[in-house]
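**Q** One structure, as structure tokens, below. Some questions next.
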Amino acid sequence: MIDKKEKTNDKKSDRLNLELFGEEWVRTYIEGILFISESPVKTGTISESLDVPEGKIKQILRMLEQEYIEQNRGFVLKKISGGYRLYSNPALNEVLQRFVKTNIRTHLSQAALETLAIIAYRQPISRTQIAEIRGVRTDSVVLTLLDKGLLKEAGKIKEPGNPILYRTSDRFLELLGLNNLKDLPPIKEFKEDEQTTGD
Amino acid sequence: MNTAEVQDKDYTLEYENVFSGPIFLLVELVQKKKIDIYDISLSYIINGFKEFIKEKSGVLLDTISSFIYFSSILLEIKSRSLFPSKKEDEGEEGELDINILKRREDEYRIYKKVSNYISSKIIEESLFYIREAPMEKDFLDTFPDFTKKIELEELWMTACKMLARNEFELDLGDVYNHRSTVNIFNEMGRIKDMLQSREDITFKEISSVYEKVMDRIISFLSILELYKNEEIEIIQFESFGNIVIKTR
């Protein structure tokens, strides 16, 4: 307890560093930060606020990630949308569903899923370009996806009408459990699938 | 295939002195540029078919869907011809051809598979729960206050802009009830005349002489036509902003 107080005083003097804390305390601080965050935390942000090199933070995060799995804790650590975030252990799914009494899964219509699929691989893209692929207007679908925070605007095309371009948001990555867009399988895989199944 | 079906499929279009035959043939001729899409009134063709199904009971679904399919191709060709189209979207003849439709269909099938993949990832991910509540009050100060710089006046302006948008909401069904008083060629001439005495002019100025929405639409189409003919330049700095028209 006394130790912790000393560290708190040091924090005020902006002299936080690895030697001063010791690795054990850095771990503890990281856990605290992850615990209070409601969005993925970037390693750079942790590094800045603790004044500990980012490399060390990454190393500790990887250790924590491993540790939570090995110890079968109620939560796991996942690398998502360019940061780290605490998630419940997926094995607790049924119990937690009963606990929260609602299914918080995001429901998306088939039209919304198709629109997201096109934007994910063709971004930045305009509504007209999406409509050309889907063969129907997508205005209301795009608005719904914007409302859900899964898309964001990405500038305009310099041509009459100045159509808006869209790209997927960080929330999209979180929804799919991806760290970045590069984690999406290459579009080629779906094309090959198409050739082999022949449908 | 019975006789009735053959007759249904052979629904013959009669179009003034321009064309007589099945609709797929018309599509082919338009694609091969044997017939100019500008000479064809699509509303005339569609109304004719509507009359046909009204008069004749038991028209096969096949006939109706094939008519819808081919008339939608014509509709697309015509709407495309109104806009200056990009080279990559054009077929060899500079028109939308069946190959493009086929390519789009293939592309769409691939994205449908991607959508299945996305759906399965979402389901997989829904096994995890996260803390979605906002940050505890005590920690809020550590974040910048995004509403700090917003003045009451700004909020008021935003609300006004939002409410003013209602003015743009038109009853499209009503637009077609009023016949236009101008035609596209006269309107193109009028715009060119206006541009002779001055360097540039806005769409608002050009269309301000018209009361009817249909006349304003004609005026707008005339501008597009002049742009396509490379006679004018169009500049628009922001969405819904003034459209400025200049001579090339």
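**Q** So which of B:Ile191, B:Ile234, B:Ile206 ends up being under 21 Å from the mean Cα position of the chain (by Cα), surrounded by 16 or more Cβ atoms within 10 Å (Cβ to Cβ) and β-branched (Val, Ile, Thr)?
**A** B:Ile234 is the lone residue from the list that is under 21 Å from the mean Cα position of the chain (by Cα), surrounded by 16 or more Cβ atoms within 10 Å (Cβ to Cβ) and β-branched (Val, Ile, Thr).
**Q** Assess whether B:Glu230 counts as being within 14 Å of another protein chain (Cβ to nearest Cβ) and out of contact with any Cys (no Cβ under 6 Å at 6 or more places or on another chain).
**A** For B:Glu230, the condition - within 14 Å of another protein chain (Cβ to nearest Cβ) and out of contact with any Cys (no Cβ under 6 Å at 6 or more places or on another chain) - is met.
**Q** A further question on this structure: Failed condition for A:Leu86, given (1) aliphatic (A, V, I, L, M); (2) within 11 Å of another protein chain (Cβ to nearest Cβ); (3) outside any strand (DSSP E or B); (4) more than 15 Å from B:Ile122 (Cβ to Cβ), with all others met?
**A** For A:Leu86, the exception is condition (3).
**Q** Based on this model, can you work out whether B:Ile218 counts as part of a helix (DSSP H, G or I), touching a residue at least 40 places away in the same chain (Cβ under 8 Å) and among the aliphatic types (A, V, I, L, M)?
**A** no
**Q** Is the stretch A:152-160 home to any residue that is part of a helix (DSSP H, G or I) and either in contact with a Gly (Cβ under 6 Å, 6 or more places away or on another chain) or not acidic (Asp, Glu) (or both)?
**A** no
**Q** So, of the residues in the stretch A:121-133 that are within 7 Å of chain B (Cβ to nearest Cβ) and either closer than 24 Å to A:Lys182 by Cα or within 20 Å of the chain's Cα centre (by Cα) (or both), which turns out to be modelled with the highest pLDDT?
**A** Here the answer is A:Tyr121.
**Q** So which residues in the stretch A:40-68 are under 18 Å from B:Tyr129 (Cβ atoms) and either exposed (fewer than 12 other Cβ atoms within 10 Å of the Cβ) or away from chain B (no Cβ under 13 Å) (or both)?
**A** Hit for the stretch A:40-68 is A:Glu65, nothing else.
The values are calculated or read from the model by the stated rules, or taken from the named source; none is laboratory data. Since we're looking at a predicted model, the values are computed, not measured. Virtual Cβ from ideal backbone geometry, glycine too; neighbours counted across all protein chains shown.
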